[in-house]
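Visitor: This structure is in structure tokens; I'll ask about it shortly.
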Amino acid sequence: MDFATDRQALEDFLLNFLAVEQDGAGKTVTRPKYMAMLQEIANRQRATLEVELDDLEGYSKDAELVAHVERNTQQYLSLLAEAADNIMPQPTEENLPEDVFDVMLDQRRRAQEMTRSQMEVEGRTESSPNFALPPSLLRRYEALIKPRSKAARRKMREISADCIGALVTFKGIVTQVSDVRPLLTVATYLDDQTGFEIYQEVTGKSFNPLLEAPEEVKKMNGGKSELFMQVRGSKFVKYQECKIQESPDEVPQGSTPRTLMVHLRGSLTRSLKAGDSVTLSGIFLPEPYTGQRAMLRATLLTATYMEVMTVKQNKQSYQEMSLSEEQRAAIEAMTEEGDIYSRLANSIAPEIYGHEDVKKALLLAMVGGVSKVLPDGMKLRGDIHACLMGDPGVAKSQLLRYVAHISPRAVYTTGKGSSGVGLTAAVMKDPTTNEMVLEGGALVMADKGICCIDEFDKMEEGDRTAIHEVMEQQTVSIAKAGITTTLNTRTTVLAAANPAFGRYDVRRRPAENINLPAALLSRFDILWLILDRPSMEQDLSLAQHVLTVHREGRAPPPQGAAPLPPEMLRAYIAAAKQYEPYVPDSLTDYVAAVYAEMRAEEAASDVPHSYTTARTLLSILRLSQSLARLRFADSVEQSDVDEALRLMKMSKASLYEDAAAERAVDPISQIFSRIRQHAERTKRDGYSWADLLDFLGTSFKPEQIRQCLVDYASINVWQLQGADSEAPSIVLAAA
């Protein structure tokens with residue numbers, strides 16, 4: 001690399017590059033883009049010089065120049081700043097106010113002139129670099145480099161020692177952000193004998209202060225001088241540290257997510273907060289060390305941090321996706337075929353047999369509704385929360401795993417493996433400053449994404465309480481170790497849980513089986529029960545499906561359209577999320593009447609089937625908006641509302657009607673349950689026939705009571721006395 005030639009090329013680029021723009025009248029004009037920036041810097045209207053490598057690539061005749069900048073960014077950043085200093089125009093603004101910087105700069109230049117004059121008189125030359133004014137001390141701006149738009153983005157695991165000093169672009173999730181602090185970049189010392197200022201450039205967070213004056217100063221005062229650091233004469237910049245964690249979709253299965261420490265300087269500070277999904281471009285550098293073993297540690301060290309140049313905020317993970325022309329054409333073709341709703345749902349985990357309506361509910365949860373912010377600041381969430389509850393072995397976890405795989409930003413966790421701190425935020429000690437800082441948990445990292453929580457019923461009650469605020473307000477309020485703040489958790493919660501007794505007991509009331517508080521249940525838009533019922537026809541079909549998957553390694557070909565691959569399903573959802581459908585006035589009365597009818601049915605029921613609240617009404621609207629998004633529509637239609645109501649009724653039907661029918665055809669089990677509950681309450685160890693008729697005869701027939709006694713006596717639950725008589729009695733077992 002010829003640095004002098006490349007610096008001259010950079011000067012030519014800054015001087016002569018013309019950008020094509022449109023003026024206020026809509027006419028196409030050209031203007032010197034970077035000279036205009038430098039003029040604004042000279043006029044103190046701008047503090048950053050941001051150079052785009054796309055511009056340099058299109059302008060430069062040297063094909064290797066951009067490659068040099070990308071491979072040795074630290075050095076070429078200095079060359080770029082030097083080139084800008086050489087061609088910096090004079091200010092065009094008149095009467096610019098004089099500030100402290102101007103006064104100190106004028107004094108330092110005078111002192112430099114006097115020092116050179118004195119050395120020339122004494123016949124000595126200035127040989128120490130500490131005498132010269134550092135260029136960074138004279139600049140009022142910072143130079144930044146923006147990577148090429150077609151530059152390859154690396155995964156965090158691909159950033160290794162071969163990237164040291166190079167410009168690297170990667171994405172991740174912010175888990176920890178420190179406070180903004182001053183960082184020393186140029187240390188200024190004052191010699192107490194001669195009054196000379198001596199400068200030391202600092203490239204890292206730590207440095208060894210100068211203990212001795214340069215040889216030229218020692219010769220002038222006999223070696224008796226002592227250096228004193230001048231804080232007001234030194235240069236400091238704003239500085240912030242952030243910890244970036246690897247994106248969940250880039251973490252290999254079974255691996256621990258990696259983290260990278262990122263340094264933000266100047267204008268980039270305060271641009272990140274915990275939970276943000278970001279794409280960063282910066283210079284990968286080794287962590288500087290000082291001390292006796294500095295050289296050894298620097299040799300063995302792997303680079304551990306980045307000086308960030310640019311930050312791109314990923315507001316929406318799905319919206320961040322750029323669809324290719326082939327994907328757009330395929331989406332248009334699918335919409336013309338019709339019945340895209342069922343095809344998309346069947347594309348979710350096609351290896352799992354059945355569960356058509358459950359997959360439709362999960363599809364709507366991935367698409368979501370429209371979030372709104374009212375004029376008074378109140379927020380209405382658009383995320384759709386769903387809970388799958390059912391017997392073991394019905395593929396609840398597999399469905400959640402597939403959803404986490406499809407979503408570009410998803411966090412998968414389990415109830416026993418998660419604590420309240422792990423879900424919300426942990427208080428950590430910053431190793432640099434020993435200050436207490438917050439590190440975001442799973443829900444914070446899943447902001448604008450999906451948080452899948454398996455084994456939801458196994459969570460501790462205190463940990464599960466942390467989800468209440470997340471599901472409705474979509475924030476996490478933290479008050480720990482003197483830190484009081486609120487973090488965003490705009491995430492969709494998908495939960496999977498087993499019933500209270502391992503399997504769903506149809507002889508018990510739904511509230512006894514679910515065993516979750518009403519305050520939590522009302523926050524789920526869809527609560528779906530998946531029962532494992534023996535059925536000859538269904539079991540044969542399921543077994544054939546499973547055997548085909550194991551034999552061929554894929555789902556059997558469907559009768560209709562083939563399921564979409566994960567990439568296409570992800571692309572369609574990304575396209576659907578671009579729409580924000582609204583509910584027209586014509587549907588207002590219809591939706592209100594439906595909600596009032598649901599409340600009336602619940603009030604008339606002896607055993608309420610659900611907790612229907614105003615949140616249920618919002619759930620209907622969110623599901624309807626999600627269905628409208630799948631149609632690429634800007635407004636909700638009555639068919640969307642009807643399908644949302646059908647899904648909600650199907651979830652309730654699977655939860656209650658089948659269980660009620662099972663209880664109605666099994667009076668023997670109900671009699672046993674009544675006897676057991678009565679015995680536990682009264683502490684009795686035996687019942688006569690008269691006692692049984694006394695509290696069971698009004699609900700059951702004597703033949704049914706007698707049959708229950710015989711059936712349970714045959715399996716030694718109790719002992720039956722007088723089985724052949726008309727009035728038998730029982731003696732309960734000790735257990």
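The values are calculated or read from the model by the stated rules, or taken from the named source; none is laboratory data. Because the structure is a prediction, the values reported are computed rather than measured. Cβ placement follows ideal geometry from the backbone for every residue including glycine, while neighbour counts extend to all protein chains displayed.
Visitor: Name the residue, out of I450, I478, that is farther than 19 Å from G382 by Cα, β-branched (V, I, T) and within 21 Å of the chain's Cα centre (by Cα). If you could, list the steps in order and put the result at the bottom.
Guide: Numbers: I450 fails: farther than 19 Å from G382 by Cα.
Only one candidate passes the filter, namely I478.
Visitor: Look at K396 and say whether it is at positive phi and surrounded by 16 or more Cβ atoms within 10 Å (Cβ to Cβ).
Guide: On the way: at positive phi: no; surrounded by 16 or more Cβ atoms within 10 Å (Cβ to Cβ): yes.
Against the criterion (at positive phi and surrounded by 16 or more Cβ atoms within 10 Å (Cβ to Cβ)), K396 does not qualify.
Visitor: Do you know which residues across region 353-388 are assigned to a loop (DSSP other than H, G, I, E, B), free of Cβ contacts under 8 Å to residues at least 60 places away in the same chain and within 24 Å of the chain's Cα centre (by Cα)?
Guide: G377, M378
Visitor: Please give the strands (runs of 3 or more DSSP E) falling wholly within region 7-98 in which 3 or more residues are out of contact with any Asp or Glu (no Cβ under 8 Å at 6 or more places or on another chain) and not assigned by TED's automatic domain parsing to the domain that holds C163. Spell out the reasoning first.
Guide: Numbers: elements: 18-22, 28-32, 48-52.
Correct list: 18-22, 48-52.
Visitor: Between A511, A519, which is modelled with pLDDT under 75 and of a type in the set (A, V, I, L, M, F, W, C)? Steps first, please.
Guide: Numbers: A519 fails: modelled with pLDDT under 75.
So the residue among A511, A519 that is modelled with pLDDT under 75 and of a type in the set (A, V, I, L, M, F, W, C) is A511.
Visitor: OK, next. Taking L627 as the residue in question, decide whether it is in contact with an Asp or Glu (Cβ under 7 Å, 6 or more places away or on another chain) and either at pLDDT 85 or above or in the same structural domain as V358 (by TED's automatic domain parsing) (or both).
Guide: yes
Visitor: Right, something else. Within region 422-450, which residues are out of contact with any Ser or Thr (no Cβ under 8 Å at 6 or more places or on another chain) and surrounded by fewer than 15 Cβ atoms within 10 Å (Cβ to Cβ)?
Guide: V427, K429, P431, N434, M436 - these are the residues of region 422-450 that are out of contact with any Ser or Thr (no Cβ under 8 Å at 6 or more places or on another chain) and surrounded by fewer than 15 Cβ atoms within 10 Å (Cβ to Cβ).
Visitor: Conditions first: (1) in contact with a Cys (Cβ under 7 Å, 6 or more places away or on another chain); (2) in a loop (DSSP other than H, G, I, E, B). V493 passes all but one, so which condition is the exception?
Guide: Looking at each condition in turn, V493 falls short on (2).
Visitor: Consider region 526-546. How many of its residues are in contact with a Gly (Cβ under 9 Å, 6 or more places away or on another chain) and either in a strand (DSSP E or B) or modelled with pLDDT of 75 or more (or both)?
Guide: Of region 526-546, the ones in contact with a Gly (Cβ under 9 Å, 6 or more places away or on another chain) are 528-532, 538, 541-542, 545.
Next, only the ones that are either in a strand (DSSP E or B) or modelled with pLDDT of 75 or more (or both) stay: 528-531, 541-542, 545.
Residues flagged as in contact with a Gly (Cβ under 9 Å, 6 or more places away or on another chain) and either in a strand (DSSP E or B) or modelled with pLDDT of 75 or more (or both) within region 526-546 amount to 7.
Visitor: Also, quick follow-up: Can you tell me which condition P517 does not meet? The list is (1) buried (at least 18 other Cβ atoms within 10 Å of the Cβ); (2) farther than 19 Å from G382 by Cβ, and all the others hold.
Guide: Tallying (1) buried (at least 18 other Cβ atoms within 10 Å of the Cβ); (2) farther than 19 Å from G382 by Cβ, P517 fails exactly one: (1).
Visitor: Let me ask something else. So, in region 394-418, exactly how many residues are in a helix (DSSP H, G or I) and among the aromatic types (F, W, Y)? Quick ask: steps written out before the conclusion?
Guide: Here is the first cut: in region 394-418, the ones in a helix (DSSP H, G or I) are 396-406.
Filter once more, keeping what is among the aromatic types (F, W, Y): 402.
Total satisfying the criteria: 1.
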